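Working notes for the structure below.
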Amino acid sequence: MTDRPGEVLRLPAFALYWSSSTLGAFTGAVSVLAFQVLIVKTLNATPLEIGLLNAANVVPYLLFGLIVGALMDRWRRKPAMVLASIGRALVLGMIPVLWITETLTVWSFGALFLLFGALTLIADSAAQPMLPRLVPRNQLVAANARLGQAGTVAQTTGPALGGAIVSWLGAPIAILIDAVAYLVSAVMLSRIRVDEPKAERRTDGRHIGHDIVEGVRWTYSHRTLAPMAASVNVWFLGNSIALTAFVPYALRELDLGALLFGLVLAMGGIGGFLGAVLAPMAGRRFGVGGAVLAGRALSALAWLAILVLPASADVAIIAIPLGIGQFLFGLGMGLEDPNEMGYRQAVAPDQMQGRLNASIRTVNRIMFLIGALIAGGLATAFGYRVTIAVSVVIFVVAALIVLFSPLRAARHEDI
């Protein structure tokens, strides 16, 4: 058979794409932990500042997401990915420089985070639309599963390694590792051979605003993509609230060290890898709607587990329910992501790929921004546990959208 997930890595273009993505995921997992430790421990940010810093990374999506997405349906996507990787390497490299010169503050870090978010916006807007040009459409789920498997292996080993590196060398040096990785990634991306049409000058009088409106309208009026988009938008709101509260809850209130916190996060990678392995089978057996519904439900169960499982004064015992919750969370994401992304990429025509992804991603980031601000306020007023409880309710709403929509019965073979 030609659509088996394992054979997609035999395609040279996808192999380079996968290698670049895997490298970025691995070192990125190290920096995610380093960022959080830097914010909470090194910069001693308040709960409100933590919420603002988490929000800073997504502000570019709010301002420019739809515009960049529309441009990616006009421009070639490979050069955009290469330049964005180089740019992110330079931005991350500034963090240890500021730290060494003792000029790194919450606000200077926030400014770099804004710029990093803008470059990530360009990379994300180009990456997903380019994938259907690298692999046949009937292998998109397999390709996304391979990307998910590599990403979750990185999440499994990256946080544990990151905790060790942060404990040994400090968060800024861990971030420097990610900067080097982005340069290597840019080299890999530059070697991909892909057939992309050159940008053509518009002669039909349509400006970028027309393209944006057309993309948003198409996405949010589609019979199955509209509820998929709405559900993931709501999921991002809950995820933002949960993650913003979870980091200070674990590091401050529960007093987990960097190494133990990294091990807890690594459980999410184990669950994610298992989910990504099972994703193609789950899609065939239960359909894309069933796989996405399972992922949404597991997200709610994961954060509920953190709240209701018994804890102990012993910090090592406290980490057990936290690890179980992260495992379930990763399992849900691993099941749903390959099916969701493969379905979106297969349904949308090439000339709509950039705008489809930009429409959903921009609203996702808006939700993440709102969630980070809500979490900062809720944590300040009511504490971290109440804040996480609110996120559980929102995750349930995201699952109900799938359950009571045409997406519930959607299957890949019906495309």
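Please find, among 115, 131, 90, 121, the residue that is assigned to a helix (DSSP H, G or I) and closer than 23 Å to residue 8 by Cβ. Steps first, please.
On the way: 115 fails: closer than 23 Å to residue 8 by Cβ; 90 fails: closer than 23 Å to residue 8 by Cβ; 121 fails: closer than 23 Å to residue 8 by Cβ.
It is 131.
If a residue has to be in contact (Cβ under 8 Å) with a residue 40 or more places away in the chain and either on the phi > 0 side of the Ramachandran plot or surrounded by fewer than 24 Cβ atoms within 10 Å (Cβ to Cβ) (or both) to count, how many in the range 318-327 make the cut?
Summing the residues that are in contact (Cβ under 8 Å) with a residue 40 or more places away in the chain and either on the phi > 0 side of the Ramachandran plot or surrounded by fewer than 24 Cβ atoms within 10 Å (Cβ to Cβ) (or both) in the range 318-327 gives 5.
Could you go through the range 72-91 and let me know if any residue there is touching a Lys or Arg at 6+ places or on another chain (Cβ under 6 Å) and under 16 Å from residue 358 (Cα atoms). I'd like the intermediate steps shown before the answer.
Looking only at the range 72-91, we keep the residues that are touching a Lys or Arg at 6+ places or on another chain (Cβ under 6 Å), and these are 73.
Right, trim to under 16 Å from residue 358 (Cα atoms) and you get 73.
Checked the range 72-91: at least one residue is touching a Lys or Arg at 6+ places or on another chain (Cβ under 6 Å) and under 16 Å from residue 358 (Cα atoms).
For the range 125-159, which residues satisfy the criterion of being under 20 Å from residue 267 (Cβ atoms) and at pLDDT 80 or above?
Correct list: 148, 149, 150.
What are the residues in the range 46-65 that are among the small types (Gly, Ala, Ser) and surrounded by 23 or more Cβ atoms within 10 Å (Cβ to Cβ), if any? Break it down into steps so the answer makes sense when it comes.
Of the residues in the range 46-65, the ones among the small types (Gly, Ala, Ser) are 51, 55-56, 65.
The answer is 51, 55, 65.
Inspect the range 160-171 for any residue being hydroxyl-bearing (Ser, Thr, Tyr) and either touching an Asp or Glu at 6+ places or on another chain (Cβ under 9 Å) or modelled with pLDDT of 85 or more (or both) and give the result as yes or no. Give the steps one after another, and end with the answer.
As a first pass, look at the range 160-171 and keep what is hydroxyl-bearing (Ser, Thr, Tyr): 167.
Pick out the ones that are also either touching an Asp or Glu at 6+ places or on another chain (Cβ under 9 Å) or modelled with pLDDT of 85 or more (or both) and you get none.
No, that holds for no residue.
Show the residue pairs meeting these rules: Cβ distance below 6 Å; 6+ apart or different chains; first residue within the range 186-197 and on the phi < 0 side of the Ramachandran plot; second residue assigned to a loop (DSSP other than H, G, I, E, B) and surrounded by 12 or more Cβ atoms within 10 Å (Cβ to Cβ).
What qualifies is 196/76.
Evaluate the following for residue 407: is it in contact with a Ser or Thr (Cβ under 6 Å, 6 or more places away or on another chain), surrounded by fewer than 24 Cβ atoms within 10 Å (Cβ to Cβ), at pLDDT 90 or above and not acidic (Asp, Glu)? It would help to see each step written out before you state the result.
Working: in contact with a Ser or Thr (Cβ under 6 Å, 6 or more places away or on another chain): yes; surrounded by fewer than 24 Cβ atoms within 10 Å (Cβ to Cβ): no; at pLDDT 90 or above: yes; not acidic (Asp, Glu): yes.
Spelling it out, it is not the case that residue 407 is in contact with a Ser or Thr (Cβ under 6 Å, 6 or more places away or on another chain), surrounded by fewer than 24 Cβ atoms within 10 Å (Cβ to Cβ), at pLDDT 90 or above and not acidic (Asp, Glu).
Hey, residue 349 hits all of (1) surrounded by fewer than 24 Cβ atoms within 10 Å (Cβ to Cβ); (2) under 23 Å from residue 411 (Cα atoms); (3) in contact with a helix residue (DSSP H, G or I) (Cβ under 7 Å, 6 or more places away or on another chain) but one; which does it fall short on?
(3)
Which residue out of 257, 283, 290 is buried (at least 24 other Cβ atoms within 10 Å of the Cβ), touching a residue at least 60 places away in the same chain (Cβ under 8 Å) and not hydrophobic (A, V, I, L, M, F, W, C)? Give the steps one after another, and end with the answer.
Numbers: 257 fails: buried (at least 24 other Cβ atoms within 10 Å of the Cβ); 290 fails: buried (at least 24 other Cβ atoms within 10 Å of the Cβ).
Unique residue meeting the criteria: 283.
Within the range 85-92, identify whether any single residue is more than 19 Å from residue 109 (Cβ to Cβ), modelled with pLDDT of 80 or more and not aromatic (Phe, Trp, Tyr), and answer yes or no.
Within the range 85-92, the first condition is being more than 19 Å from residue 109 (Cβ to Cβ), and the residues that meet it are 85-86.
Filter once more, so that each one left must be modelled with pLDDT of 80 or more: 85-86.
Imposing the further condition that a residue be not aromatic (Phe, Trp, Tyr) reduces the set to 85-86.
Within the range 85-92, one or more residues are more than 19 Å from residue 109 (Cβ to Cβ), modelled with pLDDT of 80 or more and not aromatic (Phe, Trp, Tyr).
Considering each residue of the range 280-291, count those that are more than 20 Å from residue 227 (Cα to Cα) and in contact with a Gly (Cβ under 6 Å, 6 or more places away or on another chain), and give that number.
Of the residues in that region, 0 qualify.
Please work out if residue 404 is in contact (Cβ under 8 Å) with a residue 60 or more places away in the chain and within 30 Å of residue 212 (Cβ to Cβ).
On the way: in contact (Cβ under 8 Å) with a residue 60 or more places away in the chain: no; within 30 Å of residue 212 (Cβ to Cβ): yes.
It is false that residue 404 is in contact (Cβ under 8 Å) with a residue 60 or more places away in the chain and within 30 Å of residue 212 (Cβ to Cβ).
Please list, ordered by first then second residue, the pairs with beta carbon atoms under 7 Å, 6 or more apart or interchain, first in the range 99-113 and in contact (Cβ under 8 Å) with a residue 24 or more places away in the chain and more than 13 Å from residue 49 (Cα to Cα), second surrounded by 11 or more Cβ atoms within 10 Å (Cβ to Cβ) and of a type in the set (Val, Ile, Thr).
From residues that are in contact (Cβ under 8 Å) with a residue 24 or more places away in the chain and more than 13 Å from residue 49 (Cα to Cα), the pairs are 104/95.
What number of residues within the range 207-261 are outside any helix (DSSP H, G or I), within 29 Å of residue 33 (Cα to Cα) and not acidic (Asp, Glu)? It would help to see each step written out before you state the result.
Pass one, the range 207-261, residues outside any helix (DSSP H, G or I): 207, 220-224, 254-257.
If we keep only those that are within 29 Å of residue 33 (Cα to Cα) as well, we get 254-257.
From the residues that got through so far, the ones that are not acidic (Asp, Glu) too are 254, 256-257.
So the count comes out to 3.
Going by the structure shown, is residue 276 surrounded by 21 or more Cβ atoms within 10 Å (Cβ to Cβ), within 18 Å of the chain's Cα centre (by Cα) and in a helix (DSSP H, G or I)?
On the way: surrounded by 21 or more Cβ atoms within 10 Å (Cβ to Cβ): yes; within 18 Å of the chain's Cα centre (by Cα): yes; in a helix (DSSP H, G or I): yes.
Yes.
Of the residues 362, 387, 380, which is surrounded by fewer than 20 Cβ atoms within 10 Å (Cβ to Cβ) and in a helix (DSSP H, G or I)? Give the derivation first.
Numbers: 362 fails: surrounded by fewer than 20 Cβ atoms within 10 Å (Cβ to Cβ); 387 fails: surrounded by fewer than 20 Cβ atoms within 10 Å (Cβ to Cβ).
When all the criteria are applied, what remains is 380.
What residue, of 108, 167, 125, 190, is buried (at least 23 other Cβ atoms within 10 Å of the Cβ), touching a helix residue (DSSP H, G or I) at 6+ places or on another chain (Cβ under 8 Å) and not charged (D, E, K, R)?
Working: 108 fails: buried (at least 23 other Cβ atoms within 10 Å of the Cβ); 167 fails: buried (at least 23 other Cβ atoms within 10 Å of the Cβ); 190 fails: buried (at least 23 other Cβ atoms within 10 Å of the Cβ).
Being buried (at least 23 other Cβ atoms within 10 Å of the Cβ), touching a helix residue (DSSP H, G or I) at 6+ places or on another chain (Cβ under 8 Å) and not charged (D, E, K, R) holds for just one of 108, 167, 125, 190, which is 125.
With the structure loaded, tell me whether residue 400 is under 17 Å from the mean Cα position of the chain (by Cα), over 20 Å from residue 49 (Cβ atoms) and either part of a helix (DSSP H, G or I) or at pLDDT below 90 (or both) or whether it fails that test.
Working: under 17 Å from the mean Cα position of the chain (by Cα): no; over 20 Å from residue 49 (Cβ atoms): yes; either part of a helix (DSSP H, G or I) or at pLDDT below 90 (or both): yes.
The answer is no for residue 400.
Any residue in the range 365-375 that is farther than 19 Å from residue 302 by Cβ, touching a Phe, Trp or Tyr at 6+ places or on another chain (Cβ under 6 Å) and buried (at least 20 other Cβ atoms within 10 Å of the Cβ)?
Among the residues of the range 365-375, at least one is farther than 19 Å from residue 302 by Cβ, touching a Phe, Trp or Tyr at 6+ places or on another chain (Cβ under 6 Å) and buried (at least 20 other Cβ atoms within 10 Å of the Cβ), which makes the answer yes.
Could you tell me whether residue 209 is surrounded by fewer than 22 Cβ atoms within 10 Å (Cβ to Cβ), modelled with pLDDT under 90 and at positive phi?
Numbers: surrounded by fewer than 22 Cβ atoms within 10 Å (Cβ to Cβ): yes; modelled with pLDDT under 90: yes; at positive phi: no.
In short, no.
The values are calculated or read from the model by the stated rules, or taken from the named source; none is laboratory data. Note that the structure is predicted; figures quoted are calculated from it, not measured. Cβ: placed from backbone, ideal geometry, glycine included. Neighbour counts: every protein chain shown.
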